[in-house]
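The values are calculated or read from the model by the stated rules, or taken from the named source; none is laboratory data. Computed from a predicted structure; not experimentally measured. With ideal geometry, Cβ positions are generated from the backbone for all residues, glycine too; neighbour counts draw on all protein chains shown.
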Amino acid sequence: MTGPAGVALEGHQLERLLSFLGAADPGSYRRIHARLESFFRWKGLGDGARLADETLDRAARRLADDEVRTQAPMAFLLGVARFVAMEAQRKEAQRRTAEQSATPEPPDERVEAEVTALEGCLEGLLPAERTLVLTYYREGSGRARIESRQKQADSLGIGLNALRIRAFRLRERLEQCVTAKLAETHPSAPSQEGE
Amino acid sequence: MTTVDAERAFAYLLGELSEADASAVDEAVLAQPETHELVSAFEAELFDAYLDQSLPNERRARFEQRFLSTAAGRERLQRARALRQVAAQPVAAAQASWWQRLSSVLTMPRLAVGALVAAALAFVVAQPPPASEVSVSLRPDTVRAADAARGVTVAAASPVVFELALDDAPAASEWKVAVTGPGGFSWSGAPVRSDAVAVVVKVSGVSWVSGRYRVSLQSAADVLTYEVDVTVR
């Protein structure tokens, strides 16, 4: 990990952070990082991965400097994240003004490639999974959609939120599969980087 | 645990909650993996609602400002649009492929078709009825307990497909799965499929007994554990 100024954290700083967060194994650390990334995205900020890095770096440095007396690691981390978000929001406002006027619609062939890739990825699911995800996300709105999803949950013997999570996990898998397929077939297509 | 329903999640994602309410959701999202996943699922549904044009104008404007001002957000919208397009005709597509397969058989000479049908019937009659496959999704460090009406009911010989969510654990190229349970139940093997989100394993050829089962998913870097109560009918 490196700090905001690109200065690498020292071993003891990283160890102290991990122990403070109860994230001794790499998996726990990555899970916290992923939740921070979402936190920034949901504040309307791009580049959540970099902001999550920055948050963890700052938290590690403050812990190493013995500035922290809290017994609530997540509340402390959230405090640092909010500060990073505030700074980023100021910069983001300037960037958006410049970029928003130029939001191009994707070209038709790109949309077609997405659909083709998605169809290929659906073939890789088990039939029951395919039915679940396609039924759940089928177009519709309002009461009809709510009733249809409730019926789907009832037929599977699970609650609506459990169905929502299952469908979402499948959707995530499909999106990752589509990204991989497009990278193979359209290596020059614009990526999500560079925001 | 902080509860988040669709309306509260949409308001949170669109920046409409009061500072105190948003702060409570922020805390829950950071501290509770299950809340993080649920809000992520609502985020996907917010993209759908935008495409459905079911968001009121004010919310549409907020959505565009928060989510469509980045390349990543616009790409997610594109994915959501593709999924809707494909989901719009799943039944028709499935039926077409079934008919295509059937029509290819019907174009064979009648004698060959008759022989095929007879062989298929003989095969079906000779087979014992298979125990139906049961699928179950599990989350790491969580017990799916029967007392919460969320356990799993199987026939003694049912194949069971476990979908083991990785939550935010890193994907690995190789996973080992071990299942232990009551009465010395022990099964180990490799997944049938895995990706960055979940590992799918099919446990078959075993005899289930009622009780709590522990599933251990191991990679070079991680060990995740899951627990589930199985009831044999």
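With the condition kept exactly as written, say whether any residue in the range A:11-27 is touching a residue at least 60 places away in the same chain (Cβ under 8 Å) and surrounded by 19 or more Cβ atoms within 10 Å (Cβ to Cβ).
Checked the range A:11-27: no residue is touching a residue at least 60 places away in the same chain (Cβ under 8 Å) and surrounded by 19 or more Cβ atoms within 10 Å (Cβ to Cβ).
Scan the range B:12-21 residue by residue and report those that are touching a helix residue (DSSP H, G or I) at 6+ places or on another chain (Cβ under 8 Å), more than 8 Å from chain A (Cβ to nearest Cβ) and in a helix (DSSP H, G or I).
The one that is touching a helix residue (DSSP H, G or I) at 6+ places or on another chain (Cβ under 8 Å), more than 8 Å from chain A (Cβ to nearest Cβ) and in a helix (DSSP H, G or I): B:D21.
State the number of residues belonging to the range B:22-76 that are hydrophobic (A, V, I, L, M, F, W, C) and facing chain A (nearest Cβ under 7 Å).
Number of matching residues: 9.
Residues of the range B:22-63 being assigned to a helix (DSSP H, G or I), farther than 28 Å from A:G159 by Cβ and without any contact (Cβ under 8 Å) to a residue 12 or more places away in the chain, which ones?
B:N57, B:E58, B:R60, B:A61
Out of the range B:156-188, which residues are modelled with pLDDT of 85 or more and at positive phi?
B:G184
So is B:A93 assigned to a helix (DSSP H, G or I), at pLDDT 90 or above and under 14 Å from A:R138 (Cβ atoms) or not?
no
Does A:L125 count as modelled with pLDDT of 70 or more, under 21 Å from the mean Cα position of the chain (by Cα) and more than 7 Å from chain B (Cβ to nearest Cβ)?
Spelling it out, it is not the case that A:L125 is modelled with pLDDT of 70 or more, under 21 Å from the mean Cα position of the chain (by Cα) and more than 7 Å from chain B (Cβ to nearest Cβ).
So for the range B:175-194 (the condition being touching a helix residue (DSSP H, G or I) at 6+ places or on another chain (Cβ under 8 Å) and either of a type in the set (A, V, I, L, M, F, W, C) or not in a helix (DSSP H, G or I) (or both)), does at least one residue qualify?
no
Here's a check for you: in the range A:160-181, which residue that is at the interface with another protein chain (Cβ under 10 Å from one of its Cβ atoms) and in contact (Cβ under 8 Å) with a residue 40 or more places away in the chain is nearest to the chain's Cα centre (by Cα)?
This residue is A:R173.
Results for (1) surrounded by fewer than 20 Cβ atoms within 10 Å (Cβ to Cβ); (2) within 14 Å of chain A (Cβ to nearest Cβ); (3) part of a strand (DSSP E or B); (4) of a type in the set (A, V, I, L, M), shown as yes or no for each residue.
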| residue | (1), (2), (3), (4) |
| --- | --- |
| B:T153 | yes, yes, yes, no |
| B:V199 | no, yes, yes, yes |
| B:K202 | yes, yes, yes, no |
| B:G205 | yes, no, no, no |
| B:V209 | yes, no, no, yes |
| B:R212 | yes, no, yes, no |
| B:S216 | yes, yes, yes, no |
| B:L224 | no, yes, yes, yes |
| B:D229 | yes, no, yes, no |
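When you go through A:E139, A:E193, A:E175 one by one, which is the residue that is acidic (D, E), in contact with a helix residue (DSSP H, G or I) (Cβ under 7 Å, 6 or more places away or on another chain), at pLDDT below 90 and within 22 Å of B:R74 (Cβ to Cβ)?
Being acidic (D, E), in contact with a helix residue (DSSP H, G or I) (Cβ under 7 Å, 6 or more places away or on another chain), at pLDDT below 90 and within 22 Å of B:R74 (Cβ to Cβ) holds for just one of A:E139, A:E193, A:E175, which is A:E139.
Please go through the range A:34-69 and pick out each residue that is outside any helix (DSSP H, G or I), of a type outside the set (D, E, K, R) and away from chain B (no Cβ under 13 Å).
A:V68
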